[in-house]
1. How many of the residues in the range 197-219 are assigned to a helix (DSSP H, G or I), among the hydrophobic types (A, V, I, L, M, F, W, C) and over 11 Å from residue 237 (Cβ atoms)?
2. Hey, residue 176 hits all of (1) in a helix (DSSP H, G or I); (2) modelled with pLDDT under 85; (3) basic (Lys, Arg) but one; which does it fall short on?
3. From the list 238, 275, 259, which residue is among the charged types (D, E, K, R) and closer than 22 Å to residue 45 by Cα?
4. Among (1) within 16 Å of residue 214 (Cβ to Cβ); (2) touching a Phe, Trp or Tyr at 6+ places or on another chain (Cβ under 9 Å), there is one condition residue 261 misses while meeting the rest; what is its number?
5. With 13, 45 as the choices, which residue is under 18 Å from the mean Cα position of the chain (by Cα), within 16 Å of residue 259 (Cβ to Cβ) and at pLDDT below 80?
6. Looking at (1) at pLDDT 90 or above; (2) within 30 Å of residue 170 (Cα to Cα); (3) among the β-branched types (Val, Ile, Thr), which is the only condition residue 264 fails?
7. Given the criterion part of a helix (DSSP H, G or I) and more than 28 Å from residue 182 (Cβ to Cβ), identify the matching residue among 247, 317, 230, 234.
8. Of the conditions (1) assigned to a helix (DSSP H, G or I); (2) crowded, with 16+ Cβ neighbours inside 10 Å, residue 259 fails just one. Which one is it?
Amino acid sequence: MNCEVAHERIVLAAYGELADDQIHELDRHLTTCNECRDEREQLLALKTLAGVHSVVEPNANLVARSRMRLEEALDALPPKRWYERWGDAVINNFGRLQAAPVAAALLLVAGIGAGSIGGYEVAQARSAHAAASTARAAVRTTVVPTAPADVASISSIVQQPNSEIVQVRYNEVVPRQVEGTLDDPAIRQLLMMASEDANSAGIRDDSVGLLAAECRAGHSCNPAGIRDALMVALRYDRNEGVREKALKGLESYVSEDMRVRDAVLEALLNDSDPRIRTEAINILEPVEADMTVRQVLSTVATSDQSPQIRNVSRQVLRRVPEFQ
């Protein structure tokens, strides 16, 4: 991969628009190219700072009135009769034929033939796409060999006292359960599914708590597995307790994983709970000299609405030397 392609993919990756295989190719390139690595860091820093400034939403009444006026204007337009639409099409085609008689005629004939063939191919493609979707759905239901095939939801998670044995009760057509150690792939898969259970904050709290404990204990906490699940919970979970557990689980990785650092910075800037924001500042201590971290702390120290957050940020900035 050359640097020009890498720069394009860096932008797409920053906004979550890059495919997984291309992300892996980009990561391999960044391990050997300091220039592109600096480019990505600067872009992520800019993106994080841009998040400080809230987007001004238009007034709801203005949006509603605008939509009503647009609908009224569209309704007021008289619909064209079929022969009028046909006549417009003939005139447009005739104009094109006058401009280039032979080429236009050939293109018109070719277009008719291609349209017929294309329609057939589209129908075939749709059938193939539907079959592929069914196949992918079947594959997703068997992510790990020992995991259940059709998990509807997780109903409870219980860890046996003084043990790494975990019981996970889940729902299919009828409730079932499976048990195993925390390093069991099936147990981990179920815990990560439970961390996104929108119907039960308690289930999310239990699962994120166990996943975070695994990371804090130094067990396998892969970037593409448990660590991703914790970052999703930190960014999007509605429950403050779940977000706080996810934040603590990520603490050990803030200095080695740039994505974890950025997720913690987002929590500092955007979380609604002052306790979580204060904890985010504390967790950032190993990377306080980082340029992006200092920029965010400077912004928070001068413009945050919370006096407590402003004071804590100023204290950090005073004790950390300027980034060179």
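1. 6
2. (1)
3. 259
4. (1)
5. Being under 18 Å from the mean Cα position of the chain (by Cα), within 16 Å of residue 259 (Cβ to Cβ) and at pLDDT below 80 holds for just one of 13, 45, which is 45.
6. The failed condition is (2).
7. 317
8. So the condition that residue 259 fails would be (2).
The values are calculated or read from the model by the stated rules, or taken from the named source; none is laboratory data. All values reported here derive from a predicted model rather than from experimental measurement. Cβ: placed from backbone, ideal geometry, glycine included. Neighbour counts: every protein chain shown.
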